[in-house]
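The values are calculated or read from the model by the stated rules, or taken from the named source; none is laboratory data. Everything numeric here is computed off the predicted structure, so don't read it as measured data. Cβ: placed from backbone, ideal geometry, glycine included. Neighbour counts: every protein chain shown. The accessibility values were calculated without ligands, DNA or RNA, using every heavy atom of the protein model including side chains. Shrake-Rupley method; radii C 1.70, N 1.55, O 1.52, S 1.80 Å.
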Amino acid sequence: MQDETKCLHSGYTPENGGPRVMPIYQSTTFRYTSTQEIAAVFDDPTKSHIYSRFTNPTVDVVEKKIADLEHGVAAMCTSSGQMASLMSILNLCQAGDSFISTSAIYGGTVNLFAYTLKKLAIECIFVDVDADEEEIQSKIKPNTKAIFGETLTNPSLQILDIEKFAKVAHKNGLPFIVDNTFATPILCKPIDFGADIVIHSTSKYMDGHALQVGGVIVDGAKFDYTNGKFPEFCEPDESYHGTIYTRDYSFAPYIIKARMQLMRDFGAYPSGHSGFLLNLGLETLAVRMKRYCENAITVAKYLEKHPKIEHVNYPGLENNKYHKLAMKYLPDGQSGVMAVTVKGGKENGIKFMDSLKMASNEVHVADIRTCVLHPASATHRQLTDEQLVACGINPGLVRLSVGLENVDDILNDIEDALKSV
Ligand SMILES: *Cc1c(COP(=O)(O)O)cnc(C)c1O
């Protein structure tokens, strides 16, 4: 099946006379006719459902669909994108371990990796997304357990050279995790380029409608955890009656271990109703992504030529630093998000945003509706103008997330707003 078809059909096939639309199983628990049957489910929890803290039939359908779209083998939904990032690391690293991450990642992930994981004695070593293989290699230590990167970064729109990082990771016996939130599997499938694990904040394009926060982890299941670095995968798990993940669940040891250890203990699992809403968003994901990209390139080309605009950062533009990588990894489009710098600094950036009538000013991105955010007065508000420039955020920079309105209406709104600048 092609992606458009998978979005609609993967994961759920109604039985004869069954509901056409995937039902919401809003139930904490599941009934069995005998003690022996329940015991069997505990022996192998992949066979059936026990408790909605770590599996649920509605969420299960969504997990199968996302795994299929990403060319993975299995997936596990989480209550947020942050939880997906956290669990993706905790499933590999313990206190005393380290991992590498590119510095071009979402701000919330930076906080999680640099501050919160540090309190758990897990060290994150940052490396520039443009670093060459030698430089990445030089950061790897004997206790390093993973490499992490983001396909298309929020909000700096840098593109990860997935094959480069995958090569260094595999040379060192390490799995490579990719946050594919902005690209979605419609624009890029990191597993095809060597990623081992893919994570998402489903709160963005996958949900698509700004309805609910969520996340997912996908297991590509090609990585060999028996290479000596990951005893937790190939020695008996005392907390799960001696399960050996690489032996008993060799089809997807990473995700089964994440569910049986981390999800069982932390319980950050979406409800059946949440799974239903996410599935609704996923059904139109392929169609929506195509339209976001069409609208965005039209808007980017228009803004690029506008006399009141200093710079447009969108990898689809030919003069963009990441255009070549965009053509390799995201040839069908580079999402609806761009960073626009209005001439005249912070004052004009704010004037432009406050003059928009249709596009809304909100702390969200990848919404179905066009929205904007001014980092210099919101997420990076505490910095001086000099500090803003130092971390790559021009004071006049506006993050523009192009939605699915008719592109002429988006352009008119922007044109009118720029008149006031
Ligand atoms: C938003 C976002 C996250 C965090 O996801 P939440 O669902 O908000 O917890 C992680 N990575 C990227 C790239 C994001 O854009």
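Evaluate the following for H9: is it open to solvent by 60 Å² or more (accessible area, probe 1.4 Å) and touching a Lys or Arg at 6+ places or on another chain (Cβ under 8 Å)?
Working: open to solvent by 60 Å² or more (accessible area, probe 1.4 Å): yes; touching a Lys or Arg at 6+ places or on another chain (Cβ under 8 Å): no.
So H9 does not fit the description; no.
Taking the stretch 137-157 as the search range and keeping residues that are in contact with an Asp or Glu (Cβ under 8 Å, 6 or more places away or on another chain) and not acidic (D, E), which one is nearest to the ligand (Cβ to nearest atom)?
Among those residues, the one meeting the criterion is T151.
Against the definition (assigned to a loop (DSSP other than H, G, I, E, B), open to solvent by less than 10 Å² (accessible area, probe 1.4 Å), within 21 Å of A221 (Cβ to Cβ) and among the aliphatic types (A, V, I, L, M)), how does L157 come out, yes or no?
Working: assigned to a loop (DSSP other than H, G, I, E, B): yes; open to solvent by less than 10 Å² (accessible area, probe 1.4 Å): yes; within 21 Å of A221 (Cβ to Cβ): no; among the aliphatic types (A, V, I, L, M): yes.
Criteria not met by L157.
Taking the stretch 35-48 as the search range and keeping residues that are under 21 Å from D248 (Cα atoms) and not hydrophobic (A, V, I, L, M, F, W, C), which one is least open to solvent (accessible area, probe 1.4 Å)? Don't jump to the end; show me each part of the working.
Filtering the stretch 35-48 down to residues under 21 Å from D248 (Cα atoms) leaves 36-48.
So of that shortlist, the ones also not hydrophobic (A, V, I, L, M, F, W, C) come out as 36-37, 43-48.
Working: Q36: 148, E37: 78, D43: 100, D44: 34, P45: 15, T46: 62, K47: 158, S48: 40 Å².
Across the stretch 35-48, the extreme among qualifying residues is P45.
Please state which one of K47, K65 is assigned to a loop (DSSP other than H, G, I, E, B) and out of contact with any strand residue (DSSP E or B) (no Cβ under 8 Å at 6 or more places or on another chain).
The conditions single out K47.
Hey, can you tell me all the residues within the stretch 232-290 that are of a type in the set (F, W, Y), touching a residue at least 40 places away in the same chain (Cβ under 8 Å), more than 22 Å from Y25 (Cβ to Cβ) and part of a helix (DSSP H, G or I)? Break it down stepwise before answering.
As a first pass, look at the stretch 232-290 and keep what is of a type in the set (F, W, Y): 233, 240, 245, 249, 251, 254, 266, 269, 276.
With touching a residue at least 40 places away in the same chain (Cβ under 8 Å) added as a condition, the list becomes 249, 251, 254, 266, 269, 276.
From what's left, more than 22 Å from Y25 (Cβ to Cβ): 249, 251, 254.
Correct list: Y254 only.
Would you please name the residue that is surrounded by the fewest Cβ atoms within 10 Å (Cβ to Cβ), looking only at residues in the stretch 84-111 that are at pLDDT 95 or above and assigned to a helix (DSSP H, G or I)?
Restricting to residues being at pLDDT 95 or above and assigned to a helix (DSSP H, G or I), the top hit is L90.
Does the stretch 112-127 hold any residues that are open to solvent by less than 50 Å² (accessible area, probe 1.4 Å) and assigned to a strand (DSSP E or B), and which are they?
At the first step, the residues of the stretch 112-127 found to be open to solvent by less than 50 Å² (accessible area, probe 1.4 Å) are 112-114, 117, 122, 124-125, 127.
Matches in the stretch 112-127: C124, I125, V127.
Which one of these does K64 not meet: (1) open to solvent by less than 10 Å² (accessible area, probe 1.4 Å); (2) under 17 Å from the mean Cα position of the chain (by Cα)?
Failed condition: (1).
Please tell me if L157 is at pLDDT below 95 and of a type in the set (A, V, I, L, M).
In short, yes.
If you scan the stretch 52-86, which residues turn out to be in contact with a Ser or Thr (Cβ under 6 Å, 6 or more places away or on another chain) and over 30 Å from Q2 (Cβ atoms)?
The answer is S52, and nothing else.
Of all residues in the stretch 317-349 being among the hydrophobic types (A, V, I, L, M, F, W, C) and part of a loop (DSSP other than H, G, I, E, B), which is surrounded by the fewest Cβ atoms within 10 Å (Cβ to Cβ)?
Filtering the stretch 317-349 down to residues among the hydrophobic types (A, V, I, L, M, F, W, C) leaves 317, 325-327, 330, 337-340, 342.
Imposing the further condition that a residue be part of a loop (DSSP other than H, G, I, E, B) reduces the set to 317, 330.
Details: L317: 18, L330: 22.
Among them, the one singled out is L317.
Could you tell me which residue of the stretch 204-218 is nearest to K64 (Cα to Cα), considering only residues that are near the ligand (Cβ under 7 Å from one of its atoms) and open to solvent by less than 10 Å² (accessible area, probe 1.4 Å)?
The initial filter retains those residues of the stretch 204-218 that are near the ligand (Cβ under 7 Å from one of its atoms), namely 204, 213-215.
From what's left, open to solvent by less than 10 Å² (accessible area, probe 1.4 Å): 214-215.
Numbers: G214: 16, G215: 14 Å.
Result: G215.
Any residue in the stretch 199-224 that's closer than 21 Å to G149 by Cβ: show its pairings with residues that are modelled with pLDDT under 95 and not in a strand (DSSP E or B) at Cβ separation under 6 Å, as long as the two are six or more apart or on different chains.
As it stands, the answer is K204/A366; Y205/A366, since those pairs meet every condition given.
Considering each residue of the stretch 161-183, count those that are open to solvent by less than 10 Å² (accessible area, probe 1.4 Å) and within 11 Å of the ligand (Cβ to nearest atom), and give that number.
Number satisfying all stated conditions: 4.
Among the numbered conditions (1) away from the ligand (no atom under 16 Å from the Cβ); (2) modelled with pLDDT of 95 or more; (3) assigned to a helix (DSSP H, G or I); (4) open to solvent by 40 Å² or more (accessible area, probe 1.4 Å), tell me where I24 comes up short.
All conditions pass for I24, except number (3).
Quick check on this structure: which one of Y51, Y32 is open to solvent by 80 Å² or more (accessible area, probe 1.4 Å) and on the phi < 0 side of the Ramachandran plot?
Y51
What number of residues in the stretch 67-83 are crowded, with 23+ Cβ neighbours inside 10 Å and either modelled with pLDDT under 95 or farther than 18 Å from I177 by Cα (or both)?
0
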